[in-house]
Amino acid sequence: MAQKAHSLSHTKWMCKYHIVFTPKYRRKIIYNQYRSSLGEIFRRLCSYKGVEIIEGHLMP
């Protein structure tokens, strides 16, 4: 989990984001059916964009 700080001549930064996914209908029945596929979809999207997932939780 190597994190690289970006820099310019007078600044240094490391961007980290906290993203919360909230579906419109939060039903436990629907959520339990799609829980494993949601995790796979998020991992695939992040790999397309070259983003590293540090930690993730899928909760109803």
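Pairs are defined by a Cβ separation below 7 Å, a sequence spacing of at least 6 or placement on different chains, a first member in the stretch 39-60 that is more than 14 Å from Lys16 (Cβ to Cβ), and a second member that is charged (D, E, K, R); the pairs so defined are Leu58/Arg35; Pro60/Arg26; Pro60/Lys28.
Entry remark, the stretch 1-18: residues being at pLDDT below 80 and closer than 15 Å to His57 by Cβ number 0 in total.
If I filter the stretch 11-24 for residues that are part of a helix (DSSP H, G or I), surrounded by fewer than 10 Cβ atoms within 10 Å (Cβ to Cβ) and out of contact with any helix residue (DSSP H, G or I) (no Cβ under 9 Å at 6 or more places or on another chain), do I get at least one hit?
As a first pass, look at the stretch 11-24 and keep what is part of a helix (DSSP H, G or I): none.
Scanning the stretch 11-24, I find no residue that is part of a helix (DSSP H, G or I), surrounded by fewer than 10 Cβ atoms within 10 Å (Cβ to Cβ) and out of contact with any helix residue (DSSP H, G or I) (no Cβ under 9 Å at 6 or more places or on another chain), so the answer is no.
Quick one: in the stretch 30-60, which of the residues that are aromatic (Phe, Trp, Tyr) and farther than 25 Å from Lys4 by Cα is modelled with the highest pLDDT? So the residue we want is Tyr34.
The values are calculated or read from the model by the stated rules, or taken from the named source; none is laboratory data. For clarity, every value in this text was computed on a predicted model and none was experimentally measured. Every residue, glycine as well, gets a Cβ built from its backbone with ideal geometry; the counts of neighbours run over all protein chains shown.
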